């Protein structure tokens, strides 16, 4: 007689997160899509829209309480990086203990595959689905540092003012070739007060940047460590601190180098495609520009980098490829001094 074997029911994989929230943020409002799961694997999806202001967040609190959403690690919120519009929801989550993950828009778009149509509600649903599928991989973003936001705004204003000053100067230089001396003098006089005013604003911005750095002990410490690295000056150090939120997320040297666009990637496939390794166009262009200026400086004035440049040049490397390698070295050393909390030691000069 054949005995009947009892088949065991497969165990249901229980995720750590029980509430998955996707938030699509715009200037005036934000749409929330929430997926609530239980131990049996059942899912409940609810949607709501709130105003992106203080009153809207009060309604959001009541709405979360009505659905008994746990305000702890059992809930995960995912939003896109929208520049400035997502700051209030970021601050709200930090104050209420809600883990929040700020994802790159391109990363989210490519993860969705082929999609059709776009609106705020649909975007919030896609964010919610992305949160549910990638909950085990997503890392909660660091808490919003009150000192970093004004520093970011000041650096953005500085970049814009410099662009406006350079644009006005270029415009006047171009006019000089086609205008008479009288007309050129008139145009320069018209723009003189604007240029003087923008220069004055730049000076005030620099004063405020230095003030913010001095007021925060953590920012000042990392700022001084970054300045010890060859190729990193005042502006580059502040910009790196802004990009990394003062290294709050424990970013690695390779990650920062990839973000700056100085890491070459292979370009091969099968036997037909045999391209050279090259950097990707998706990068922080401003940080890459600042590192380029620093690399040009060190290959001229630092003996170690000067000899490195000559050695690679003799090997047949291209000028820009060598400078890119120097930029990579600068980034790796910048992250190293922050990780070790010690100023950079020039072992090359010490040995000499």
Out of all the residues in the stretch 82-115, which are part of a loop (DSSP other than H, G, I, E, B) and surrounded by fewer than 16 Cβ atoms within 10 Å (Cβ to Cβ)?
83, 84, 97, 104, 112, 113, 114, 115
Listed residues 327, 274, 310; which is out of contact with any helix residue (DSSP H, G or I) (no Cβ under 8 Å at 6 or more places or on another chain) and part of a helix (DSSP H, G or I)?
310
Determine which single condition residue 201 fails, assuming it passes every other condition in (1) touching a residue at least 12 places away in the same chain (Cβ under 8 Å); (2) surrounded by fewer than 20 Cβ atoms within 10 Å (Cβ to Cβ); (3) assigned to a helix (DSSP H, G or I); (4) under 23 Å from the mean Cα position of the chain (by Cα).
(4)
Output the qualifying pairs, or none if there are none: Cβ atoms under 8 angstrom, residues six or more apart or on different chains, first residue in the stretch 69-96 and without any contact (Cβ under 8 Å) to a residue 40 or more places away in the chain and assigned by TED's automatic domain parsing to the domain that holds residue 31, second residue surrounded by 14 or more Cβ atoms within 10 Å (Cβ to Cβ) and assigned to a strand (DSSP E or B).
81/102; 81/103; 93/77; 93/100
Given (1) within 30 Å of residue 104 (Cα to Cα); (2) not in a helix (DSSP H, G or I), identify the lone condition not met by residue 345.
(1)
All-but-one check, residue 198 against (1) touching a helix residue (DSSP H, G or I) at 6+ places or on another chain (Cβ under 9 Å); (2) not assigned by TED's automatic domain parsing to the domain that holds residue 155, failing number (2)
Per-region count, the stretch 128-148, residues assigned to a helix (DSSP H, G or I), in contact with a helix residue (DSSP H, G or I) (Cβ under 7 Å, 6 or more places away or on another chain) and under 20 Å from residue 26 (Cβ atoms)
1
Suppose we filter the stretch 122-156 for residues that are in contact with a strand residue (DSSP E or B) (Cβ under 9 Å, 6 or more places away or on another chain) and surrounded by 14 or more Cβ atoms within 10 Å (Cβ to Cβ); how many remain?
16
Is it the case that the stretch 158-174 has a residue that's outside any helix (DSSP H, G or I) and either within 27 Å of residue 86 (Cα to Cα) or in the same structural domain as residue 101 (by TED's automatic domain parsing) (or both)?
no
Taking the residues in the stretch 170-184 that are at pLDDT 90 or above and loosely packed, with under 11 Cβ neighbours inside 10 Å as candidates, determine which candidate is farthest from residue 157 (Cα to Cα).
182
Give the stretch 277-307 a look and list any residue that's over 20 Å from the mean Cα position of the chain (by Cα) and in a loop (DSSP other than H, G, I, E, B), or say none.
302
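The values are calculated or read from the model by the stated rules, or taken from the named source; none is laboratory data. What you are looking at is a predicted structure, and each value in this text was computed from that prediction instead of being measured. Heads up, the Cβs are rebuilt from the backbone with ideal geometry, glycines too, and the neighbour counts pull from every protein chain shown.
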